[in-house]
Each structure stands twice: as C-alpha cells, then as structure tokens.
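Please treat every number below as a calculation from the coordinates, not as lab data. Keep in mind the model is a prediction, meaning the values are calculated, not measured. All Cβ positions, even for glycine, are placed from backbone atoms using ideal geometry, and neighbour counts span all protein chains on display.
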C-alpha cells in the first residue's frame, strides 16, 4: 500500500518490532542532541553503559556486530559515541550566579571532546534552532533529551524527545524504542491571511486536541497549504506538536526545504520526501489556513486556547519574544517592524531572545535590532532565558504575554504568574498598546526588510571533537556539584508504603523538577534537586517522603506532561518513591520512570482515584512475580481498609524486563541488549565547527 512519509522514514530505520500502532518498535538513530540542563546526567549515565558490553582494554571479537565500528570500551563507559552524530548545547543553565553552572559547562565541554560529541558553547543559540540551521537532515531520525526536539520535523526528520538515559543509550549505539504511532494527517488548505502566523496554526490544533489529544500520534502535515509555509514557520508548528502529547510532527521535504538548506550552505543534504500518492492516514484533520485567526493560550495550559479578541483589552505588564519556538528572523522582524519609530507602552517591559547567533547577526544587518532597541526592548543573548524561568520573571500576579511554548504555573519564576502564549504579531501589538491586542487592529501589516542573500555562517562556536587518539588524553573535569545518579537495583518481590500525595490531572515535569535559576543549577545533583520535588503542591513533600522512607505517588490523567527532564523520575527515585499510580501518563515521563525502575501503573477503574488518601498504607504483593508472568492486571491492597484495587500493567516484554532489572542501566549491564552495527550514514559527514584543542595539545604547541 502507498506509505505515509512517517512510515517511509520509520521503515528505513526499523531494526525491531512491527509497525502496528501501540506496539514497541526499535529504530536506528542518526543524530542525538543533549542540552546542558539534561546533559550532565545523561553523560554520567553514558559513562556507566560500558559495563553491559565489555571492560577496559577489550575489543569487539572479529566478525561480531561491533567489529570495525567501535573503539575500546572502558570499565564503566563507552570510549566514543557509536552513532554518526551527537551534539550538546549549552542554552538553558547559562547564568553564572555561582560555580555550579560553569562547572557543568566545563564538564560537558571536556566530556564531548573525549566521547566524540560536538559542543555548542554558551550564548551560541538555542538547541532546536541551531539543530535546524546546521545539522537537521531530511529522512533521518533524531533523538533528543529535550521534549521540543520535535522542532526538527520542519526539515522532514523523525525527531523525538526522550529522557537523558534513553538518549545516552542511543549515543552508545543501542536502538531507540518507541511505541509505533498512529499517523494523523493534518491537511493544510489555503494560505494564511495578513497578521495570522504559524503560531496560530499550532494553537488551532491545540484548541481542537488539547494537551492529551495527540498521545500516541505523529502529526504529518500535508496538503496544498504546506507549500506556503517556509521552514521557520514549519519549525514553530513542529515545536509545539509535543504540547498535544504527540510523539512528534513532520513536514515533507520540498522546495521550501531545499531553499532553506541552500540558504544554510548545505543544499547537498536535501532529498525530496513526501507521502506516496494515495497514502492513508489513521486519522485526519483539516486546517483551512485562510480561516485561522489570531489565537492565544490562557493560563495555565497551552491547550487553553481562545481567539485573541476574546481576551483583548487585558492589562499586560510584560511581553517576551523569542525562545525555541518563535526566535527566527521573521519572528523578531515583525516585532521590530510594528515598533519601528515608536516606543513600547510605558507600563510594560519587552524582552527579545534571538534563536541563534545567525539570527542575531541577521536582525543587526537588516536594522531590526536597532529598531527594537530604540523602541525600548531589552535584548537578551541567544538562549532559552525566560522560557525556563532563567531570569525575566514577571511581577506578582501580573499578565505576561509570551511567544513561548508553555505556560504551566510558576514556570516563569513567579509563583502566581499569569502567562499567555501567542504569536509574535500579537505580542508586538500588545507591546505597543499595553493591553492584549489582536494585531489586525493595527491595519495593514508592515513590510519586513529582506535578510541578506548570503548569510553569515559561522560555526566556530560549535566545537568539533578531536580524533579518538587525542581524545584519549583528555581529562573530564568534574565540579563538586556533579554527582552520580541513583543506583539501580532489581525490583523486589513486593512493594509497600504510604501514599505520599494525591495529585490532580496534568501534573507537569516542571512540578516534579521545577524550572528557574536556583533549582535548575542542581540538575547535576539529584539529591539536592529532590528537595524541590512537588513543592508547588506541597512544600513539605520531600521532607515527608524522607520521613516515611518513601512510598507511592497517586495522580490523575496525563501525569508528567511537558518537558523530557528525567529528573522528574530521578528525584522521586532518590526520595524512595516505589511506584506511580495514575489514571494515565505522558509518553516521555512514563518512559523515564521505567528507565529508572519505577513502575508506572494505571487505575483500571476511574472511580478508584477518589478513594486514595494521603497517608494510606498500600501494598503491591507479588508484583515481581506478576510482571514475570506477564500479567496485565495486578491487585493493589489498602492495608487499613482491606479494600483491593485493580491496576493495569500494560508493558511490552522489554519494559517488563527493564522494570524487573531495576532500570535500563541495570538491564543493559545484565546483557539485556546489544548495540547495533552503525554504518556510515549521511550524518557521519558532518564537519561543521572548530576543532577542539585540549590543554595538553596547547602546551605541546607552545
């Protein structure tokens, strides 16, 4: 049968499983990315993976799947990554308020050099935007330890966000496992009207689907309207597909794709890709672009979408433009054009975050930077910044209008924030008037200055790793805040403990491992960051978990929505959490829990959640035996009342094995899987960036 674009790429990379929606499949990975907030822990776990395949000085036996593709293995780590390309970006924890973040940066830089990853230096730009500029390639598979890795779907990649340990395994050459998706064809018709932007398109999809309506799906964009959207517009849409709970989003590779790659001076990476004529989708959505209007997501969910006109007139104290989703040239240029010759409303502040140094250079070259400065904007460096609460928190209780992708409670750094999400055009109109404003009220949109035909391509701040021989002499620098992750131990015969807390629907990973400059500086120290777990719901949660020697977390639907941060699993593990029992789970969070040996179990009956009370003593008797048998329903017993609850244990065979071993590292050490043979693919030819020079080599030169 004619294949969708999604199925074509998945089939090219399939190394295990069947392409039946819901079944687990194994994929060969071409590229992997980490960023600093997830990177240190992922790198520490990558070091531990060698114990599954060899010890110091061993080489793969002749004729094995590893022969000729790997270097030596060390006792607790692989000496070099085993996929064609990997990169670490420093774009989240960029504030140097003490030693912790700078220590992480030095650790990551030396780790990358030793293990064969590229390293993007602080201030160079946001991982998703640089990935699309410099490295993303049509038809490849990218796995990234950031939920918005989906952005690269704009260049026709299968780009999937994952936990740090899953990405570490991919870097070590293990196939990436994911549930085979439903493929939803999103047919785009017509063309966007003036003042309506790509952000409004993805907000329209969120208005229809909400934050759970994409779970288990890949959104494949098709139809005649696709050709009207350039790559940066597609990137905006793909970036926020994850907010629906989707696995990823993807566009075809067409003339727009080729034009972008040519502009980036890498047209040789282009290949034409699209769904085959007559391909059938599992579900379909039709979005008529010419009928989309300016939209805005109200607090406190990206799915709480209404027309801008519905909330027009609300007083605003802050406007923030940029972040990983709207930080391209056109996103910033429309704001500059609206404000040209004017001044922002005196009752608010405006910040602007370019996506990369290239974008920064372009807005300088076109005069947009000058216009923004003259209008009163505060220009920030190319980094995530306010999007993750890294500075620029809004005033207490005040409305902050942002072009970002999430508005979960407290994410901005202000506990009682009121964050609205919108397009750059709506943000510009709002910055001008001081109240939420539909940009169509401004009349005809201004013309944007054309960017330089020959952009300044400068990859000197993306450091390429040295050859393996030189890398062997590099010493990885480890600061005192860099601590190993919790150990993994086999699942015991039974689990018992008290209910530590009962949570509502849509608890985010930002609740489990909060954003902000203070908390995020402990991303390399699980014991320290655990003290902040669930503090928005209960300031005493961590203390109670320690006093009660752990227990169970109980929650409603969509537990762990949002970021891919595995600290949302690592911190509860450190606190002794034995299992999470919820109505349902977000995809990445569920995977992270399994990877750390924490069973994610679901209520078989919706009504049973209301019976859970904090302090109840629960027992999961003979859980290990039930998982060994492959039982899909197990019994939870409340010790005090004697009542029993049926729980669902829907796990693949691989997931059961990982849980029984106590986590993914323990499973691999026990020989649970072998790395696959990676042939030299297209990404192996990536050569951008300056060569990294070690201190040893510098001394030799002198």
> When 400, 349 are ordered from fewest to most other Cβ atoms inside 10 Å of their Cβ, what list results?
Replying inline: 349, 400
>> Which three extents, in angstrom, do the Cα atoms of region 488-589 have along their principal axes, listed largest first?
In response: 40, 26, 25
> In the set [x] 3, 11, 19, 24, 22, 14, 6, 2, 0, 0; [y] 3, 13, 22, 24, 19, 12, 6, 2, 0, 0; [z] 3, 16, 27, 27, 18, 7, 1, 0, which value of P(r) over Cα pairs in 10 Å bins from 0, in percent was calculated from the structure you see?
Replying inline: [z]
>> Among 261-273, 31-43, 658-670, how do they line up by average Cβ neighbours within 10 Å per residue, starting with the highest?
In response: 31-43, 658-670, 261-273
> Over the chain, what is the mean sequence separation of C-alpha contacts under 8 Å (at least six apart), divided by residue count, expressed as relative contact order in percent?
Replying inline: 16 percent
> What is the list of residues in region 104-141 whose amide nitrogen lies under 20 Å from a point 7 angstrom out from the Cα of residue 475, following Cα to Cβ?
Replying inline: 104-116
> Order of 217, 222, 112, 384 from fewest to most other C-beta atoms within 10 Å?
Replying inline: 222, 217, 112, 384
> How would you classify region 541-641 from its alpha-carbon gyration tensor, with a ≥ b ≥ c the square roots of the eigenvalues: rounded for a/c under 1.5, else prolate if a/b is greater than b/c, otherwise oblate?
Replying inline: rounded
> Taking a ≥ b ≥ c as the square roots of the eigenvalues of the Cα gyration tensor of region 5-291, is the shape rounded (a/c under 1.5), prolate (a/b larger than b/c) or oblate?
Replying inline: prolate
> What percent antiparallel are the DSSP beta bridges of region 5-291, to the nearest 5?
Replying inline: 25 percent
> Computed FRET efficiency, Cβ-Cβ of residue 537 and residue 315, R0 30 Å: what is it to the nearest 0.05?
Replying inline: 0.55
>> Once you place label points 7 Å from the Cα toward the Cβ at residue 640 and residue 291, how far apart are they in nm?
In response: 5.4 nm
> What does the helix-only formula give at 222 nm for the chain: each DSSP H stretch with n ≥ 4 adding -39500 (n - 2.57), the total divided by the residues, and the result rounded to the nearest 500 deg cm²/dmol?
Replying inline: -7500 deg cm²/dmol
> Shape call for region 431-550 from the C-alpha gyration tensor, a ≥ b ≥ c root eigenvalues: rounded (a/c under 1.5), prolate (a/b greater than b/c) or oblate?
Replying inline: oblate
> So, by mean Cβ neighbours within 10 angstrom, what's the order for 583-591, 597-605, 610-618 with the highest one leading?
Replying inline: 583-591, 597-605, 610-618
> Could you give the length gained on full extension between residue 670 and residue 461, defined as 0.36 nm per residue of separation minus the Cα-Cα distance, in nm?
Replying inline: 71.3 nm
> Roughly speaking, what is the stretch gain from residue 340 to residue 259, that is 0.36 nm per residue apart minus the C-alpha to C-alpha distance, in nm to one decimal?
Replying inline: 26.3 nm
> Rounded to the nearest 0.05, what FRET efficiency is calculated for residue 610 and residue 549 with R0 set to 25 Å and r the Cβ-Cβ distance?
Replying inline: 0.45
> Counting only DSSP beta bridges with both residues in region 495-662, what percent are antiparallel, rounded to the nearest 5?
Replying inline: 50 percent
>> With a cut-off of 8 Å between alpha carbons and a minimum separation of six or more residues, what is the relative contact order of region 495-662 in percent?
In response: 24 percent
> Which percent, nearest 5, of DSSP beta bridges in the chain are antiparallel?
Replying inline: 35 percent
